[in-house]
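Structure, as structure tokens:
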Amino acid sequence: MRRRTPPPPAPLPQRHGVDPVRVRLPVDGTWATVREHLVERLTGAAPGAVASMFDAGLVVGADGRPVSPEAPYRPGMFVWFHRELPAEVPVPFPVEVVHRDEHIVVADKPHFLATTPRGSHVAETALARLRRELDLPELTAAHRLDRLTAGLVLFTVRPAERGAYQTLFRDRLVRKEYEAVARYDPALVLPRTVRSRIVKERGVPAAREVAGEPNAETRVELVGHRGGLARYRLLPATGQTHQLRVHLSALGVPVLGDPLYPEVTGPVPAGDFRRPLQLLARRLEFTDPVTGTEHTFVTGRALRAWTSYEAWTAGD
């Protein structure tokens, strides 16, 4: 099998902890110029934005030199540019560093902060913040947490080692424990293992369960209950998008503060940091693939609805 040639290194520096956008021109392209292709490809850009980038010399090739607006289309060519950063409301909670060494950084992410740049969340992400705060421009994420979920995230310091840590998650060699607060149902028999097939379609906010061979598995345990609420321990064996939220909702006890399950109620408005989703990535355990060290990390955060339901309800 022929190996794919790796792309050349980025000729542009990061901005605000965010990498430049890299675009590889399709091999089967029929566009006359590079600009013509980017105008068609970047459909979400403001009218005239692509032309303005070329006129300002902001689109560069592998040598770091500006690409001419009339440069002919060359299949397989790489170009780079910096996206126009969206206006983002700062998330007013810190990213706590639980562990740092020459290979990894383990961060304790707050609710409402995306893990990595995506969509309208770019500079206000855990990755971009840590790159800036720790002066680690090559930091990358080994996995992701949903923006609304808080807790532990593993980042890698050296790009060459990222694959080794990602393989841990792919091969299910990381023992993950989550915690959730939801309604208490005395009729719900726990512990139990939930298995189902979950599908997440692009552009659709919520995932859904469908018939077919299960691709998602979660062990659900009851830790305690009081005042009509329960604290659940969730042990996922797989990592499907929104898996824990889907499985608790299917059991009839959706996570408190969930805007998607069991019904989509609309996104939380930007700047509204009240009543965060009561889901927390509490614990990570794994054998370091580079050093052989046995790691166990535990979050320093607690779910507010459990410690003070009144405060969570009031949004304090």
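One table, with the values for the structure above:
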read-out: Anisotropy class of the range 85-226 from Cα gyration tensor, a/c 1.5 cut; value: prolate
read-out: Carbon/sulfur fraction of accessible area - the chain, other protein chains in place, 1.4 Å, %; value: 50
read-out: Cα gyration tensor, the range 1-91 - rounded (a/c under 1.5), prolate or oblate; value: oblate
read-out: Stretchable slack from Arg74 to Val264, in nm (0.36 nm times residue separation minus alpha-carbon distance); value: 64.0 nm
read-out: Residue-averaged [θ]222 nm for the chain, counting only DSSP H segments that reach four residues, each worth -39500 (n - 2.57); value: -4000 deg cm²/dmol
read-out: Cut-off under 5 Å, modelled amide H: who pairs with Ala141 long-range; value: Thr156
read-out: Sites matching trypsin sites (Lys or Arg not before Pro) across the range 211-316 that sit in DSSP coil, with at most 16 neighbouring C-beta atoms within 10 Å; value: Arg274
read-out: Relative contact order (%) - criterion: Cα under 8 Å, at least six apart; region: the chain; value: 14
read-out: Under DSSP loop assignment and at most 16 Cβ neighbours within 10 Å, longest GluC sites (Glu not before Pro)-free interval of the chain; value: 1-69
read-out: The chain - accessible surface per residue (Å², probe 1.4 Å); value: 53
read-out: Over the range 1-155: Rg over Rh, Cα atoms, Kirkwood Rh; value: 1.03
read-out: Global geometry of the chain, whether rounded, prolate or oblate, following the gyration tensor of its Cα atoms and the 1.5 cut on a/c; value: prolate
read-out: In the range 1-106, the trypsin sites (Lys or Arg not before Pro) that fall in loop regions by DSSP, at most 14 other Cβ within 10 Å; value: Arg2, Arg3, Arg4
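The values are calculated or read from the model by the stated rules, or taken from the named source; none is laboratory data. What you are looking at is a predicted structure, and each value in this text was computed from that prediction instead of being measured. As a convention, Cβ positions derive from the backbone with ideal geometry for all residues, glycine included, and neighbour counts pool all protein chains shown. Accessible surface areas use protein heavy atoms only, side chains included; no ligands, DNA or RNA. Shrake-Rupley method; radii C 1.70, N 1.55, O 1.52, S 1.80 Å.
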